[in-house]
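> Following this message is one structure expressed as structure tokens.
The values are calculated or read from the model by the stated rules, or taken from the named source; none is laboratory data. Everything numeric here is computed off the predicted structure, so don't read it as measured data. Every residue, glycine as well, gets a Cβ built from its backbone with ideal geometry; the counts of neighbours run over all protein chains shown.
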């Protein structure tokens, strides 16, 4: 009887002995260097989003007002530094994104994306696996938590060989019998899914029922794992990783069909840019052919979701003045996958669009994600509680369900049950402000003060946390 083995990931170091030249070239590319342990930094002082910061070595220091200062360790980085680099703080296996980024294109420190308008120095943004997976390989997320990982949190810095060629254990064991995935030999949909897993943004990415995006591997159909939704008619701005959908809407792709792909212009193993020869291959009589075609027809454009960042316009406008595509029509459609009621409802809910509920109530596939969104929209506490309870049966570590159901229980006088849920939320993410504050309200003052002490150790500048801690301190002094 023939027993088949399931291939597992073994790491890029296993590729080098047979593919030395390729491995050496790829190790120097930005994709291969997009995550890792932090190295000591030269001293720099700067202001970002109105806050004073300093970096030195592996420490970020900041001012919190009233003469108080704080600091945080800089333990890991994400970003190849081609455009920029952001740092992560580690605490007992939990990862948090720091609020400052080095923007290499302009050579400046500034607020990380999403921190630009923060009124205080926030250190509790969790780094979830969906973020880390596009920067590192073999991510070791801990089940039942929001942002906890093994030690180390990922086994390979950057995007590994196996992200594009599939798990290699069987190929290493018997190269002749077990072939690796060759993207060039895949059909267009499967080939483009390899790049699309990290370079396709859309307005929302909705996981399919019963599927986890982290399970996607090279050679599979991306649409079997997630539906990507975009605005009908495109959008005016550019996102950092919107390359795939921009290219798909270009006139070049429309005319060339599946023969034009990401690797037509980008040699993946060396990052060699072949754009000019590709352009002249179709436009041999092009005007000003001695110049770089991409300078005018793929202009660098400021991204909407990153400070100081510019990206190449893959919509390939005929004239530079046409680089901004028409605005969307206000309706979402599927770019990849099926835009059914569930996908549309979850996407609109993610965007805060009031159309979400009507779609979600029509969804034929109702899972924890649908129930979670419906619970947040449900005005009736009994019905909302039932929905949150169903979510937690399927997803025990879902922090929003833990916190919100705890609040409903608290209002109903079920204090012990509320405390249990909020404690569980802090196990999933110890810097969850809502859970810490709620516990400080219902626990004895000394115990509540200890909860806040631990929370403020992670997020010391929190105005709400500081205010509540001061209230408890006064209460304890009166005893």
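> In this structure, is residue 72 over 25 Å from the mean Cα position of the chain (by Cα) and not assigned by TED's automatic domain parsing to the domain that holds residue 462?
no
> Now for a different question. So which of 7, 25 ends up being more than 23 Å from residue 99 (Cβ to Cβ), not assigned by TED's automatic domain parsing to the domain that holds residue 93 and not in a loop (DSSP other than H, G, I, E, B)?
Numbers: 7 fails: not in a loop (DSSP other than H, G, I, E, B).
Only one candidate passes the filter, namely 25.
> Output yes when any residue across the range 115-133 is over 13 Å from residue 428 (Cα atoms), touching a residue at least 40 places away in the same chain (Cβ under 8 Å) and in a strand (DSSP E or B), and no when none is.
No - not one qualifying residue is present in the range 115-133.
> If I ask for residues that are out of contact with any helix residue (DSSP H, G or I) (no Cβ under 7 Å at 6 or more places or on another chain) and within 22 Å of residue 223 (Cβ to Cβ), which ones from the range 343-362 would you list?
As a first pass, look at the range 343-362 and keep what is out of contact with any helix residue (DSSP H, G or I) (no Cβ under 7 Å at 6 or more places or on another chain): 343, 347, 350-354, 358, 361.
Scanning the range 343-362 gives 343, 347, 350, 351.
> Quickly run through the range 410-433 and pick out the residues that are farther than 18 Å from residue 125 by Cα, assigned to a loop (DSSP other than H, G, I, E, B) and in contact with a helix residue (DSSP H, G or I) (Cβ under 9 Å, 6 or more places away or on another chain).
412, 414
> Further question on the same structure: Please specify each residue of the range 53-68 satisfying the condition of being over 11 Å from residue 109 (Cα atoms) and part of a strand (DSSP E or B).
56, 57, 59, 60, 61, 62, 63, 64, 65, 68, listed by residue number.
> To continue, here is another question. Residues that are more than 26 Å from residue 129 (Cα to Cα) and in contact with a strand residue (DSSP E or B) (Cβ under 8 Å, 6 or more places away or on another chain), at least 3 per element: which helices (runs of 4 or more DSSP H) completely within the range 322-401 meet that?
Working: elements: 341-350, 356-362, 368-377, 381-394.
Passing ranges: none, list empty.
> Next question, about the same structure. Within the range 445-479, restricting attention to residues that are part of a loop (DSSP other than H, G, I, E, B) and in contact (Cβ under 8 Å) with a residue 40 or more places away in the chain, which residue is nearest to residue 125 (Cα to Cα)?
Filtering the range 445-479 for residues that are part of a loop (DSSP other than H, G, I, E, B) and in contact (Cβ under 8 Å) with a residue 40 or more places away in the chain, the one nearest to residue 125 (Cα to Cα) comes out as 459.
> Here's a check for you: in the range 28-43, which residue that is in a loop (DSSP other than H, G, I, E, B) and under 23 Å from the mean Cα position of the chain (by Cα) is farthest from residue 133 (Cα to Cα)? Working first, answer last.
Of all residues in the range 28-43, those in a loop (DSSP other than H, G, I, E, B) come to 28-30, 34, 38-40.
If we keep only those that are under 23 Å from the mean Cα position of the chain (by Cα) too, we end up with 29-30, 34, 38-39.
On the way: 29: 17, 30: 15, 34: 11, 38: 18, 39: 21 Å.
This residue is 39.
> I'm checking my understanding of the structure. Among residues of the range 69-96 that are in contact with a helix residue (DSSP H, G or I) (Cβ under 8 Å, 6 or more places away or on another chain) and assigned to a strand (DSSP E or B), which one is surrounded by the fewest Cβ atoms within 10 Å (Cβ to Cβ)?
Of the residues in the range 69-96, the ones in contact with a helix residue (DSSP H, G or I) (Cβ under 8 Å, 6 or more places away or on another chain) are 78, 80-81, 91, 95-96.
Those left that are additionally assigned to a strand (DSSP E or B): 78, 91, 95-96.
Numbers: 78: 22, 91: 17, 95: 24, 96: 24.
Selected residue: 91.
> Name the helices (runs of 4 or more DSSP H) wholly inside the range 144-212 in which the number of residues that are touching a residue at least 12 places away in the same chain (Cβ under 8 Å), touching a helix residue (DSSP H, G or I) at 6+ places or on another chain (Cβ under 6 Å) and within 26 Å of residue 36 (Cα to Cα) is 3 or more. Walk me through how you get there before you give the answer.
Numbers: elements: 161-165, 169-173, 188-199.
Ranges flagged: 188-199.
> Select from the range 97-113 the residues that are in a loop (DSSP other than H, G, I, E, B) and in contact (Cβ under 8 Å) with a residue 12 or more places away in the chain and write down the one among them that is farthest from residue 51 (Cα to Cα). Reasoning before the result, please.
Taking the range 97-113 as the starting set, the residues that turn out to be in a loop (DSSP other than H, G, I, E, B) are 104-107, 112-113.
From what is left, the residues that are in contact (Cβ under 8 Å) with a residue 12 or more places away in the chain are 104-106, 112-113.
On the way: 104: 20, 105: 22, 106: 20, 112: 12, 113: 15 Å.
Restricting to residues being in a loop (DSSP other than H, G, I, E, B) and in contact (Cβ under 8 Å) with a residue 12 or more places away in the chain, the top hit is 105.
> Among the residues in the range 22-35, are any in contact (Cβ under 8 Å) with a residue 12 or more places away in the chain and closer than 24 Å to residue 458 by Cα?
Checked the range 22-35: at least one residue is in contact (Cβ under 8 Å) with a residue 12 or more places away in the chain and closer than 24 Å to residue 458 by Cα.
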